[in-house]
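To start, the structure itself, in structure tokens.
Values in this text are rule-based calculations from the coordinates and carry no lab data. If you're wondering where the values come from, they're calculated on a predicted model, not measured in any experiment. Here Cβ is always computed from backbone atoms with ideal geometry, including for glycine, and neighbour counts include all displayed protein chains.
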Amino acid sequence: MSRTLVICKPDAVERGLVGEILGRFERRGLRLVAGELREIDEALASRHYAEHVGRPYYGDLVKFITRSPSLVVVLEGPAETWRVVRQMMGATDPTQAPPGTIRGDLGLETQENLVHGSDSSESAVREIALFFPDLAGSAGT
Ligand code: CDP
Ligand code: MG
């Protein structure tokens with residue numbers, strides 16, 4: 001078993017798509033182990049998106065992710081659940097994401113692309129600890 005972090009970003013909450021998105025993961029068989037609707041502040045955004053600091057889109061990304069609440073969840077499933085989630089999300093640019101994926105079915109904007117998922121076992125461990133410190137140390141890979 002392994003766990004990964006998923007964020008239904010502000011656009012997903014604003015558009016009323018949280019149920020649609022989480023429903024896809026649940027129907028696939030992934031289990032919800034933690035969840036919180038929260039406004040991500042700049043400090044947390046800069047830690048979560050540390051690898052993007054300095055990119056041309058970084059300022060806008062922080063404005064977007066902090067503008068209204070996100071639904072942050074931890075999902076559990078088989079080994080490398082993060083990979084299953086990433087496949088279901090589709091490409092970062094929704095116009096390149098195939099139909100059947102969350103971004104490919106529900107989005108068109110690279111920034112406002114609805115959903116975040118950890119991109120490796122190491123990221124899953126780091127991100128779960130960042131958002132849910134009480135779960136730190138539980139299997140993230
Ligand atoms: O989210 P994902 O891992 O697919 O993509 P990323 O390359 O790690 O970028 C993180 C997030 O930054 C994306 O999901 C977009 O919301 C945003 N982004 C952006 O606004 N403009 C870009 N050119 C690339 C990413
Ligand atoms: Mg990423």
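Each helix, a run of at least 4 DSSP H residues, gives -39500 (n - 2.57); summed and divided by the residues of the chain, these come to -10500 deg cm²/dmol at 222 nm. For the chain, the normalised intensity computed at q = 0.14, 0.18 Å⁻¹ comes to -0.59, -1.03 (log10 of I(q)/I(0), Debye sum over alpha carbons, equal scatterers, no solvent).
Electrostatic bookkeeping for Glu14 treats Lys and Arg as +1 and Asp and Glu as -1; over the other residues with beta carbon under 15 Å from its beta carbon, the sum is 0.
Applying 1/(1 + (r/R0)^6) with R0 = 30 Å to the Cβ-Cβ distance of Thr110 and Ala136 gives a FRET efficiency near 0.45. Other residues within the sphere of radius under 15 Å centred on the Cβ of Gly77, judged by their own Cβ, net out at +4 (K and R +1, D and E -1).
Between Glu42 and Met1, the distance separating the two model label sites (each 7 Å from Cα on the Cα→Cβ line) works out to 4.0 nm.
Stretching Asp93 away from Val33 to a fully extended chain increases their span by 18.8 nm, per 0.36 nm per residue minus the current alpha-carbon distance.
Taking every alpha-carbon pair under 8 Å whose residues sit at least 6 apart, the chain reaches a relative contact order of 36 percent. By the scheme Lys and Arg +1, Asp and Glu -1, what is the net charge of all other residues having a beta-carbon under 14 Å from that of Gly107? Within the 14 Å Cβ shell, the charges total -3.
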